[in-house]
Amino acid sequence: MKASYQKFLSSVIIFCLLFVTACSSNATKESNSSESPSSQSPSGQSSAAAKEEYVIKILTQENNQIKRSDETEIGKMIKEKFNIVFDYVQTPGNYADKLNLMLAGGDYPEIIRIQDNATFDKYVQANTLLPLDDFVASAPEFAKRYSVQIPLWRLASNDGKLYKWEGGVPVDFKNNVEVLDIGVRTDVLEQQGWPNLLSTDDYIKFLKQGMKDNPTTNGQKTIGMIVPFAEPWGMQGISSIMYEKGGRYSTAAGNMGVVWNQVDKKFEDMMTNEYVKEGLGFFNRLYREGILDKDSFTDKMDQFQEKLNSGRALSSWYVVWGLTTANHGLIDAGHPENQYINMPVRSKTQMERNEKRQIRVEDTRPYTIYAITKNAKHPERIKELLAWAATEEGKLLLQSGVEGEDYTIVDGKRQPTEAYRKNLSNVDALRSKGYGMFDFLGSVLSNAPDGVPYSMELNPAIQDELQLTEGMRNAYSKLGWTSSKDYFIKTGESANTGVAGTITVDTTSDLGALHQKIVDFRVKNSAKLIIEPKTDEEFESMYQSVIADYQKLKPETVVAEYNRLYQEKQARLNELK
Amino acid sequence: MIKAGVHPVKRVKSRNLVRNRYLYAMLLPAVLLVFVFWYVPLTGWLIAFVQYRPGIPLLSAKWTGLQQFIGFFTDTDDYVHLIRNTLAINISSLIANMTTAFLFAILLNEIRWRYFSKLIQTVTFFPFFVSWIIIYSLSSAMFATSAGAINETLIQWGVIAEGVNLLGDPRYSWMFMIALGVWKYAGYNSVIFISAISAISSEYYEAAQIDGANRFQRILYITIPGLMPTAIVLLILNSGWILNSNFEQFYLFTNATNWQRMEVLDIYIYKYGLQLLNYPYATAVGIMKTFISLIILMVVNQISKKATGKAIF
């Protein structure tokens, strides 16, 4: 018995040893394979060894079925040309927290996406990113493509070096009129005679009537307005966003402690901003009237999307970029009448002043920062690919697809094929092709030399035709608009972010800590101001009390620092010019 | 005769060491694990006393002394709601979890049909394996004010006019967290009490039965006193964790409307340490938390020793 027990134990130990050895030898092999190609020429030309398959992990929050880039048509071409494959790793949850955790643990991917200037600053200060200055000198098309951006990107780092590139820039204003206001259900608009809603009073009256006329929708209780406030950017970003709807301010400063006054070229405090106050007051009224969904404060995008897809919400605040997808779902579900369209909103003061809306045109886009980290095994191969992505060949393939399949040339201009148009309403088909799967190589919202945007669906002449459903186009037509952007273009003007988009206070400094505190204060008290006051007078009284507490934090020191940095960086930019 | 130069006690100890060498060898991995994963990381406490940030060597960071510790109490009054929330929720949870597990074990022990007893035990044990993220999703689906199944049903039946906001209303936050903890851990915690009941000699029950004690009296005079030593040990051990909150639970359930009743020390440390990368401040708060926990543990142990004569040290 004892002998057989010993034999069994020995077998288990031997099995474990073999298992461990097998795993380690695999790891060694992988490690060797990734080490070997590192011997490259300084010029960036890869040696034969470097052409071994190079798999790079890309963190993604897109819920897609594609696991590796070589499952897509464009990905196959990239693999053929560079033998590089991207492995998409799903990273659900709070991405900003993940970036911080990865930084703390030193476990960041080879190519990293960062979504704000403050986190980028943390990565730069922690010495985790590779400088790209030499690369730019050897990649003329990259330098040309980002000629406006590169000086601004350099300003974003504390040592003046270039560490990043960004997606979504450069932008041609006409291709991307970025207006995200209120998604409104078209059947309710029809019921009330297609009103051109604009003021906050208009919305309250409209939604109250809408809820009265439609107590239920498709068998479920109707909800007045939905907002995903529980997202990390929810209460922090979109509860205060009313400031961008009228004149003066744009979102160039992000949604932290300050707002950017586009007209006077200066930063101002966000919490005390009059439009921010009006925005909170608007939400308070919606809450009091029972229009604002009480689940908004606990709803994340999943719950928000579910309510939108069911059609039971009469309106949605700010998150309107998924309206077309939701509308396709509603059509498929047999409720085409419940489709939504994006409509403008303005506060009372904004209505009175009637100033031109400052529609942000991003010269830099801190939301889609990309960088090569020091964990990159073969940075030269990544740079080689990056340089190619900036060429005409790269840009056209990544954003327009293949000639003959996705576009044809008519009178020297690209014209989307029927297959391309069909794919636009099918996210899976777009991903199978590879569109949107390589944004980390840089995607531009500007025009190609033929005058057509690299992403053809952005062409203003056919944008609505390609991006909206028929029901949406009809609704705009009933409102008397010539296009979905008609009102906004007539009443707004382009507002280039310039240097303002690159400013951030040193996150490790005392002022950086204070900046975080004032943001925290605003986030915590915004919910209180929306929920607690029972009358306008109570709102005013509570607001004054909150502001009195807020002033004790001395937020003006942070605002002053932002303005000082702006002046300093603007002077540096002028010198560079 | 004792050999010159070797103390008799030392000789007994070394003989004991040799005799039990296999036992000590078996203990060694556990000691090493505890040392490596619990004591070595304590060197990281140095971060609280220097101006550290990721990317710079710890030893070259500027010395700041007790600045972070003082800052916690003087810069803001955050510590007031943090300590209040942490203590209120954790003490209530501890009492609720232990009481329900205690009662549940007693009631389960009284079920004579063993299969039914095992079924109940398995069903109540199951929530322990459900992750907090799933619990959050379920809670959202069940208790959301406008779209939650329970609120929708109650409104449809005319029981309530408006949904109860369990997830967002700070008035319900503590109660809701405690209730979820009870639901999740009752089955798991009761296992310890069930095993303690099985250790009570059946002779006591037989003697009581002969003396005419009914079922309730047997519970009152045999089962409960028999469980008390286990309950006290569990109470003392758990009191050391009284400032430790279940991170996932609070991370998921804290939102913009209930934060003033939900923000606990662990979330605060996470926020400053990992979200804002203010490691020195977060470490200082963590150190204070450790020392307060240690003091609470010692106090509870002493109280127990004096009140019941039972203690763990």
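Bear in mind these aren't lab numbers, they're just calculated from the coordinates by the rules spelled out. Being a predicted model, the structure only gives us computed values, none of them experimental. No Cβ is skipped: glycine too gets one built from the backbone with ideal geometry, and neighbour counts run over all protein chains shown.
Cα centroids of the stretch A:236-263 and the stretch A:393-455: 32 Å apart. When chain B is described by a simple charge dipole with +1 on each Lys and Arg Cβ and -1 on each Asp and Glu Cβ, the residue from B:THR86, B:SER140, B:TYR172 located farthest towards its positive end is B:THR86.
Of the chymotrypsin sites (Phe, Trp or Tyr not before Pro) in the stretch A:317-364, which ones lie in a loop per DSSP and count no more than 16 other C-beta atoms within 10 Å? Can you show the working numbers first?
Values: sites: A:TRP317, A:TYR318, A:TRP321, A:TYR340; in loops: A:TYR318, A:TRP321.
Here the sparse-neighbourhood loop sites are A:TRP321.
Approximating the spin labels as points 7 Å out from Cα along Cα→Cβ, the A:ALA96-to-A:LYS208 distance works out to 3.5 nm.
Per-residue shielding of B:269-279, expressed as the average number of other chain Cβ atoms within 10 Å of the residue Cβ, stands at 5. Straight-line reach from A:LYS212: taking Cα to Cα under 17 Å and skipping same-chain neighbours fewer than 8 places apart, the lysines in range are A:LYS221. In order along the stretch A:92-108, the Karplus-derived 3J(HN,Hα) couplings, from 6.51 cos²θ - 1.76 cosθ + 1.60 at θ = phi - 60°, round to x, x, 7, 5, 4, 5, 5, 4, 5, 5, 5, 5, 4, x, x, 10, 9 Hz, and Gly and Pro are given as x.
The HN-Hα couplings worked out from phi for the stretch B:169-179 by the Karplus form 6.51 cos²θ - 1.76 cosθ + 1.60 (θ = phi - 60°) are 6, x, 5, 9, 4, 4, 4, 5, 5, 5, 5 Hz, whole numbers, x standing for Gly and Pro.
Just to verify a number: FRET efficiency for B:VAL191 and B:GLN302, C-beta to C-beta distance, R0 = 22 Å, to 0.05? Display every interim value, and only then the final one.
Working: r = 29 Å, r/R0 = 1.30.
Approximately 0.15, to the nearest 0.05.
Taking the Cα centre of the protein assembly as shown as origin, work out the dipole magnitude from +1 charges on Lys and Arg Cβ and -1 charges on Asp and Glu Cβ, in debye rounded to 20.
4000
Hull volume per residue, based on the alpha-carbon atoms of chain B and their convex hull, is 255 Å³.
Only aspartates and glutamates eight or more places from B:LYS184 in sequence, or on another chain, were considered; those with a Cα closer than 14 Å are B:GLU248. The distance between label points at A:GLU403 and A:GLU352 comes to 5.9 nm (points 7 Å beyond Cα on the Cα→Cβ vector).
Between the C-alpha center of the stretch B:1-69 and that of the stretch A:134-157 there is a gap of 52 Å.
Here the simple spin-label model places points 7 Å from the Cα toward Cβ, and for A:ALA104 and B:SER198 these points are separated by 4.0 nm.
What is the average number of partner chain Cβ atoms found within 10 Å of a Cβ in A:499-508?
Values: counts 0, 0, 0, 0, 0, 0, 0, 0, 4, 9.
The per-residue average across the peptide is 1.
Please go through the stretch B:82-137 and write out the trypsin sites (Lys or Arg not before Pro) that DSSP classes as loop and that have at most 11 other C-beta atoms within 10 Å.
Working: sites: B:ARG84, B:ARG112, B:ARG114, B:LYS118; in loops: B:ARG112.
Taking the stretch B:82-137 and a limit of 11 other Cβ atoms within 10 Å, the loop trypsin sites (Lys or Arg not before Pro) found are B:ARG112.
Against chain A, whose longest principal axis is taken from its Cα atoms, helix A:2-35 shows a tilt of about 80°. Counting, for every residue in B:139-149, the Cβ atoms of other protein chains within 10 Å of its Cβ and taking the mean gives 5. What number comes out for the charge environment of A:VAL345, summing +1 per Lys or Arg and -1 per Asp or Glu over other residues with Cβ under 12 Å away? Within the 12 Å Cβ shell, the charges total -1.
For chain A, find the longest principal axis of its Cα atoms and tell me its angle to the long axis of helix A:510-531, 0 to 90°, nearest 10. Tilt relative to chain A: about 50 degrees.
Applied to the stretch A:272-289, the Karplus parametrisation 6.51 cos²θ - 1.76 cosθ + 1.60 on θ = phi - 60° returns per-residue 3J(HN,Hα) values of 8, 5, 5, 6, 5, 4, 5, x, 5, x, 4, 4, 4, 5, 4, 5, 4, 7 Hz, with x for Gly and Pro. From most to least packed by mean Cβ count within 10 Å, the peptides A:234-243, A:99-108 give A:234-243, A:99-108.
Roughly what % antiparallel, to the nearest 5, for the DSSP beta bridges in chain A?
Details: 28 of 47 bridges.
Beta bridges within chain A, antiparallel portion: roughly 60 percent.
For A:MET343, the residues whose amide H sits under 5 Å from its own are A:ASP181, A:ILE182, A:GLY183, A:VAL184, ignoring neighbours fewer than 5 places away on the same chain, with H placed 1.01 Å from N.
Tell me which GluC sites (Glu not before Pro) from the stretch A:215-311 have a DSSP coil assignment and no more than 16 other beta carbons within 10 Å of their own.
Values: sites: A:GLU244, A:GLU268, A:GLU274, A:GLU278, A:GLU289, A:GLU306; in loops: A:GLU289.
Sparse-neighbourhood loop GluC sites (Glu not before Pro): A:GLU289.
Neighbour counting of Cβ atoms within 10 Å sorts the residues B:PHE116, B:PHE125, B:PHE313, fewest neighbours leading, into B:PHE313, B:PHE116, B:PHE125. Using 0.36 nm per residue and subtracting the Cα-Cα separation, the extra length available between B:VAL80 and B:PHE126 on full extension is 12.9 nm.
Taking a ≥ b ≥ c as the square roots of the eigenvalues of the Cα gyration tensor, the protein assembly as shown is prolate, since a/c reaches 1.5 or more and a/b is larger than b/c. Distances between placed amide hydrogens fall under 5 Å for B:THR64 paired with B:VAL50, B:GLN51, all partners being 5 or more residues away or on another chain. So which of A:LYS266/A:LYS524; A:LYS51/A:LYS122; A:LYS245/A:LYS374; A:LYS174/A:LYS524; A:LYS161/A:LYS266 end up more than 31 Å apart, counting from Cα to Cα? As for pairs spanning more than 31 Å Cα to Cα, those are A:LYS51/A:LYS122; A:LYS245/A:LYS374; A:LYS174/A:LYS524. For A:VAL361, the residues whose amide H sits under 5 Å from its own are A:ALA495, A:ASN496, A:THR497, ignoring neighbours fewer than 5 places away on the same chain, with H placed 1.01 Å from N.
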